[in-house]
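Below is one structure, written out as C-alpha cells; the observations come after it.
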Amino acid sequence: MSGIVGILHLDGQPVDRDLIESMTASLAFRGPDGQQVWTGASVAFGHSLLKTTFEAESESQPASIDGQVWITADARIDARDDLARELGLPQSALRRPDCEFILHAYARWGESCVDHLLGDFAFAIWDARSHKLFCARDHFGIKPFYYAHLGNTFVFSNTLDCVRAHPAVPDELNELAIADFLVFGFNQEFATTTFADIRRLPPAHTLVATVDGVVLRQYWSLPESERVRYRRTRDYVEHFRSLFEAATADRLRTNRVAVMMSGGLDSPSVAAFARKARPETELTAHTIVYDSLIPDDERHFAGLVAEALGIPIEFAPVDEVRPYDPVPNFSTPEPVYEPVGSFTYDHCRGIACHTPVILTGHGGDPLFSVSPLMNWASVLAIPPVHTSLSFARYVWEFRALPRFRLRSTLWHLLGRTPATGEEVPSWLSPVVGSRCGMAERAASPPGANPGHELRPLARRSLCSVFWPSMFETDDSAYLGAAFEYRHPFFDLRVARYLLAIPELPYSMDKYLLRATLRGMLPETVRTRPKTPLRADPLQAAFRRHGLGVKQPIQANPRLYDFVSPSAIPLLAPDSSPERLRIDSRVLSLNSWFQSQEKTRKCRTNKTPTHANRTVRPNCASTAILVR
C-alpha cells in the first residue's frame, strides 16, 4: 500500500521541508513508483506511491483539485459508479484515481464525506480555507493510521516507524500495550500503540486537528436491527452472489492478482469469483502447506480448486522453517507473535515481486458465525413453511443435521456461560501486572461481552480489535514488501447483508456460501466440513529442530521490565500447545527488543533516545533457556 505522511504546526510555524522529504523517503519501501511532497504555510504532506489499480497510472499525490484543499491518501474506493452518480461527475471521471473521488466527496459533503465512501482507506485532507486537518480511517481498519500530538506539532502516517522518525516524538514505551501483548497476543486497545506518545486512529473514526485541539468522531457502527427476509432460498443466493461479485470485482482493478488460497471454503470462493469477475486478469494461487511436519490436506484440496479454476498454484512448504529465526536488518514496528516470521517475510516478498495485490478469504468465519440462543430467535422470525423447507434442504444436501449448538445454548440458559478470559502468565512482572490491572483485564477482556443484539457473536468478532491488529501485522511495514492485501468478505455491502439474513440455515456451516458455489468449485471442496489442523505446528517444529535440548537464547535487558527474571518460562516441546503458545510470546518480545537495538537508527537516521526506559543493570548476562 502507498505511504502517507504529514506534519502540521498548530502555531503557524513553517514545516522543515528537508524533514518532510526525509520522512517521505523513508516510505520508499511502500511506494516504489514515486515519492512527492507538498508544503503549505504550516503544513506539509508526503506520499510514496504504489500503483495497484488501473487508475493509479495517472495518479500524483499529494493532490488538489482547487489549490485550497490537499490530500495524501492510501485508498481504494469501491462502488465508484454509484459514487460518481451521487457526485454528479461525468463518466470520464471513472478513469481518475481514487484520491480525486475523496476530494470531490469532501467538496460536496465536508466531514460527512465518509458516510458516502466504501472501500479501504486512510487519508488526510488539509483545508486551507478553515485551517483544518481532516483525517479518516476505513470501517474495519484495514488501512492503518498513526499519529502523535505533541504541543503544537501534529504528525501522522500510515507507518508507525515514520511517525517515530520525527525528532519531536519520543520512544517511551506503552507498558499496558506490551502487557496486553504478553497476555493476549496483541494490544487490546484500538487507540494506542506500543509507544506511549503515538496513537492509532480507530477504525470507522475521523480526526480533526485545529488550533483548538484534536477531536475524534466515530462515523459508523454495525447496524443492529437490519433484517433481510425472502420467500425462496434462490433469492438469498442471488442477492449474495451479486454483492460478492461486486466486492471481488472492486478489488480486481489491476492486471495481476494473487490469492492466498487454502483448501477450505473462504479463499477458494474468492478465487472462483475473481476468475469469474475478470477472466482476463492474470490470477495465481499461493498455498502454505505442511508436507511432513504435521498431517495436512491443504496441498490436495487447494490443488483441486486450482485445477478446476484453471489457475497456476504455488505451494510453499513450511516444514523446515526453524521458529524464531531472525530476519537480518529488519524489525517489525511493534511486537508480533509470528514464530515463523522469517518464512512469512520471504514468502510475501516473493509474491510481491510479481504482483502488488493479494486477495484473502479473511472475514468468512466471523460473518457466518452462529450465536447460541440467537439462532432460535432467527428461526422464529421467519415463516414456519420456509423454515421447514430450509431445514429439509440442508439435510438433503449435507446428509447431516445442522449444528444447533445445543450445549452452548443450555449453558446460557443455566447462566453458566464458559469463561472467555485468558490467564495471566506466572512469569509476568508482578509490578507490571498490578499497575496495568492485568488480572481484571484477563478475567474480562475488553469487548468480551457479546450483549443481546442480533448476531452478537458475529458482531463481537467483526468489531474486535483482533482484526485491525491482524491487518496491521499483514501490512507492508511488517513484511518489508510493496504490496497490499484485499479482503472481499470485509466489504461493507457483504457484511451488512450476511448479518441481516436468517441464521438457519444460511449461516450455519456456511450454507449460503456453499449453495452459491454450486458448480463453481469441486464438490469435494464445496461440501468439505471445516477442518482444523490435526496437530500443533509450533510444537512439532520445536521437536523437529532440536529445541528440546538446553539452548540459551540471549535475553535483551529490556525484557526484564516486563518479565520476572526468576520466572522466565522454560519452553519445552512436551508442553501443551496452549502453554507453548503463551510462553513463546516471551521469545517474540525478546526478538523484537533485540531487533530494535539492531535497527536503532530508522530510515531517516533518527536515533531513539529511550529516555524513559528502565534497565536492570544486573540482568545483562541472563539467558532464556529452551529446555
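FYI, it's all coordinate maths here, none of it is from the lab. Predicted, not measured: the structure shown is a model, and the values here were computed from it. In this analysis, Cβ positions are derived from the backbone assuming ideal geometry, glycine residues included, and neighbour counts consider all displayed protein chains.
The calculated FRET efficiency for the pair Ala168 and Ser444, based on their C-beta separation and a Förster distance of 45 Å, comes to about 0.75.
For the range 251-321 and the range 79-103, what is the separation of their C-alpha centers, rounded to whole Å? Cα centroid to Cα centroid, the span is 33 Å. Normalised by the number of residues in the range 242-359, the mean separation of alpha-carbon contacts (under 8 Å, six or more apart) gives a relative contact order of 28 percent. Relative contact order for the chain: 16 percent, from Cα pairs under 8 Å spaced at least 6 residues apart, divided by residue count. The residues Trp126, Trp38, Trp109, when put in order of fewest to most other Cβ atoms within 10 Å, stand as Trp109, Trp38, Trp126. Quote the FRET efficiency, to the nearest 0.05, computed for Asp235 versus Ala107 with a Förster distance R0 of 45 Å and r equal to the Cβ-Cβ distance. That gives a FRET efficiency of 0.70. Taking each residue as 0.36 nm, the span from Cys353 to Asp18 lengthens on full extension beyond its C-alpha to C-alpha distance by 117.5 nm. Estimated at 0.36 nm per residue, the fully extended path between Arg543 and Ala128 surpasses their Cα-Cα distance by 143.3 nm.
Sparse packing (at most 16 other Cβ atoms within 10 Å of the Cβ) combined with a DSSP loop state is found for the following chymotrypsin sites (Phe, Trp or Tyr not before Pro) in the range 304-377: Phe330.
Among Asp561, Asp491, a tally of other beta-carbon atoms within 10 Å of each Cβ gives an order, fewest to most, of Asp561, Asp491.
Counting only Cβ charges, +1 for Lys and Arg and -1 for Asp and Glu, the dipole size of the chain around its Cα centre is about 1420 debye. Approximating the spin labels as points 7 Å out from Cα along Cα→Cβ, the Arg579-to-Arg85 distance works out to 6.2 nm. Which parts of the range 157-174 would a label at Ala25 reach, counting a residue when its backbone N lies under 16 Å from a point 7 Å out along Cα-to-Cβ? Those under the cut-off are 162, 165-167. Along the axis of the charge dipole computed for the chain (Cβ charges of +1 for Lys and Arg, -1 for Asp and Glu, origin at the Cα centre), the listed residues Thr206, Pro532, Leu559 are led at the positive end by Pro532. For log10 I(q)/I(0) by the Debye sum over Cα atoms at q = 0.05, 0.10, 0.11 Å⁻¹, computed directly from the structure shown, the correct entry in (1) -0.23, -0.98, -1.20; (2) -0.27, -1.06, -1.22; (3) -0.50, -0.93, -1.09 is (1). Estimated at 0.36 nm per residue, the fully extended path between Val214 and Leu150 surpasses their Cα-Cα distance by 21.9 nm. May I ask you to list the trypsin sites (Lys or Arg not before Pro) in the range 202-274 that are in a DSSP loop and have at most 14 other Cβ atoms within 10 Å of their Cβ? When the trypsin sites (Lys or Arg not before Pro) of the range 202-274 are filtered for loop state and at most 14 Cβ neighbours within 10 Å, Arg227, Arg229, Arg231, Arg232 remain.
With 10 angstrom as the radius, rank Phe301, Phe54, Phe156 by how many other C-beta atoms surround their C-beta, starting from the fewest.
Placing the least packed residue first, the sequence is Phe54, Phe301, Phe156.
Across the range 90-118, the residues whose backbone nitrogen lies under 13 Å from the label position 7 Å along the beta-carbon direction of Ile65 are 90-110, 113.
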